[in-house]
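A short write-up of the structure that comes next.
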Amino acid sequence: MAYSVAEKHSIRETLSKNNRVIAAGIVFTGVPGQVIRNGAVAIAGKRIEWVGSDADLPAQYRSWPYEQYPDSTVLPGLVEAHAHLGTEWREQSEPDVIDPLPLEQGWNVLQSLHEAQQLALVGVTAVQSLGSRYYADVVVREAIEQGLVAGPRIVAAGAILTPTAGHGWKNGSEVDSESEILRAIREHHKAGVNVIKIAGTGGFLSKGSAQWKPQFSIEELKIATREAHRLGKRVAVHAHGTLGIEYAVEAGVDFIAHASFVSDDGVTCFVPELADRIAQAGIYVDVASARTYPPVADEPRSPRAYELYRHGVKIVAGHDVGIYGVTPSYYVYGLRQLAKQGIPTEEILISATSRAAAAIGLAGITGVLQSGYEADIIVVEGNPLQDLVSLEKLQQVILRGDRFLPQSSHDFCDWTDDFDYLRNNTGVQHALETRFAYLQRQQMQQW
Ligand SMILES: [Zn+2]
C-alpha cells in the first residue's frame, strides 16, 4: 500500500504525538541489579526507544518533549499475577430488576472493566485474570486491545476448572473426568483464553472445600497440562494444600497460586524439599495472600513467601484482587507484607514487575524498561527501593505509551439546584447554547 507525502506526514505526526523523554532521579529497569541514577527513558509512541543515563541521552531525543522528575523513580508498571475479573454477583450491587439473571453477563463485563481500570489507577499495567465468569476477562482484554476503552494489559483464564462443587465452582467450569477436562480446555481455547487455571486444591472461600486436599489427581493435572501446552497456553494451579502443590509440580505446571503448604491437619507446615523442587522446575509462585484469608495465629499474611524466596523460588506478586474484600488499592499493602517478612525491596520490586510479567507470559513485551519493550511505565515520588510506600505516590501511569488519565470523579450533588455548577460548566453551557440556537433557527421558518 502506497501513501502520499501528505499521508505519510500525517501518519508521522500521529505517531510522534506520544514521543517524549521522561527523566528521573532513579530509573529502576526491572533487570536485577540495574538502577540508573539520573536516568532517562525515551518513549516513541507505544514503545521504549532508549533507556540510560540522562547525561548520555542521544541527540535525536533531545528535541522531544522532556519531563523531569528529579525526586522520583521511573519503573516498569506493576503486574498483578492473580486477579479475578468478573466473578459472582455482589450483594451490594443488587439491581432494581425482578430477575437479575439476564443482567449478569453484561454486568460481569462492566465490573471486570471497572476492576481493571481501578488496577491501572494504582499503577498496575498488566494483570492475569485467574478465574472469570462468562469470559468477561476475554471481552475486556479485547476491548482494551482494540482501543475501545483504556486499561491494563489482560491475560485471561476464563472460568476456573474445578470438580463439581469444587473450589470456585460458582465462577467455574465444573469437570469430573479426563474427557471433561479436555473438552473444557478446548472450549476455553475456542473462547480465546490465554492461560488455563485449575483449582488444584480446595480454597478458603468456597463452602465445603478442604484447602488441604487435592481436587485432581496427578494424572488429571498431567492431562490438562499436556493439552494446554499443546494449545500454546500456560497452566496456573491454585494450591493451598501441600499434597496439591506436590501434584502440580509433578504434573509440570507453569504457575502455582498461593503455595501455602497447608498440611493434612489444616496447619501450615513448610516443606523445604518441595520448595527446592518448585525452584528447580522454574515454576512461578504468587505469594501475596489476600487480606481476607482467615488468619492463622503467629503466621504472616503471606505464608511461606520468605521461605520460598530463600529456596530460590521465582515468587511473583499476586493478591487475588477481585475476590470478596480484596480491592486493587490493596496491592502495595500486599507488597509491604513481603518486606515485613524480610524479603529485600529489590526482590519485591522484581517480583512485582519484570518477573511477574514473565510469569504471565509477557516476557519480552512488558515489565522491563529497555529498548524494544512496550511502554508500560509508572512514575512514583521518592524511592521504592528504600520504602515501598513510595509506590502509592503515583505521578504517572503509562499504558502502552499512553498516559492513563482516569475519568475525573465528582461528589454527588443535587443537580437540579446546583446553578453554580451549571453556570460554570462549559459543557452544559455549550449544550444550552446549541439548543437555543436550534430553537431560534426553527423560529425562522414557519412554512
Ligand atoms: Zn484466586
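In what sequence, largest accessible area first, do W169, W64 appear using a 1.4 Å probe?
Sorted by accessible area, descending: W169, W64.
With a 1.4 Å probe and every protein chain left in place, tell me how much accessible area F255 has, in Å² to the nearest 10.
Spelled out: F255, probe radius 1.4 Å, area about 0 Å².
Using modelled amide H (1.01 Å from N, peptide plane; none on Pro or chain starts), what sits under 5 Å from the amide H of A259, excluding residues fewer than 5 places away?
A239
Which of the pairs K233/K314; K207/K314; K46/K233 have their Cα atoms more than 28 Å apart in this structure?
Where the Cα-Cα span goes over 28 Å, the pairs concerned are K207/K314.
Take S371, S217 and sort them by solvent-accessible surface of the protein heavy atoms, 1.4 Å probe, largest at the top.
S371, S217
For the stretch 306-352, I need the span (max minus min coordinate) of the C-alpha atoms along each principal axis, in Å, sorted largest to smallest.
31, 16, 16
Only helical DSSP H runs with n ≥ 4 go in: add -39500 (n - 2.57) per run for the chain, normalise by residue count and round the 222 nm mean residue ellipticity to 500 deg cm²/dmol.
-10000 deg cm²/dmol
Any chance you could give the angle, 0 to 90 degrees and rounded to 10, that helix 5-16 forms with the longest Cα principal axis of the chain?
Orientation of helix 5-16: about 60 degrees from the principal axis.
Express the accessible area of the chain per residue in Å², computed with a 1.4 Å probe while the remaining protein chains stay in the model.
That works out to 48 Å² per residue.
Relative to the longest principal Cα axis of the chain, at what angle does helix 101-121 sit, 0 to 90 degrees, rounded to 10?
That works out to roughly 80 degrees.
To the nearest 10 square angstrom, what accessible area does H189 show with a 1.4 Å probe?
Estimated to the nearest 10 Å², H189 gives 80 Å².
Would you compute the Debye intensity of the stretch 127-269 from its alpha-carbon atoms alone, equal scatterers and no solvent, and pass along log10 I(q)/I(0) at q = 0.09, 0.16, 0.20, 0.22 Å⁻¹ to two decimals?
-0.25, -0.77, -1.13, -1.31
Return the long-range amide H neighbours of Q395 (sequence gap of 5 or more, or a different chain), with a cut-off of under 5 Å between placed amide H atoms.
Amide H neighbours of Q395: V379, V380, E381.
Ranked by accessible surface with a 1.4 Å probe, highest first, in what order do D402, D376 come?
Reading off the accessible areas and sorting them downward yields D402, D376.
What does the charge count near D376 come to, summing +1 for each Lys or Arg and -1 for each Asp or Glu among other residues with Cβ under 13 Å from its Cβ?
Net local charge, D376 excluded: +2.
With both partners inside the chain, how many of the DSSP beta bridges are antiparallel, as a percent to the nearest 5?
Bridges in the chain are about 45 percent antiparallel.
With the convex hull built on the Cα atoms of the chain, state its orientation-averaged projected area in nm².
30.0
Hey, what angle do you get for helix 178-191 against the long axis of the chain, alpha-carbon based, 0 to 90 degrees rounded to 10?
The angle comes out at about 10 degrees.
Long-range amide H contacts for I198: which residues qualify at under 5 Å (H placed 1.01 Å from N, peptide plane, sequence gap of 5 or more or a different chain)?
Sorted by chain and number, the residues that satisfy this are L161, A236, V237, H238.
The values are calculated or read from the model by the stated rules, or taken from the named source; none is laboratory data. Here the structure is a predicted model, which is why all the values come from computation and not from measurement. We place every Cβ from the backbone using ideal geometry, glycine too, and count neighbours over all the protein chains shown. Calculation scope for accessible area: heavy atoms of the full protein, side chains included, ligands and nucleic acids excluded. Shrake-Rupley method; radii C 1.70, N 1.55, O 1.52, S 1.80 Å.
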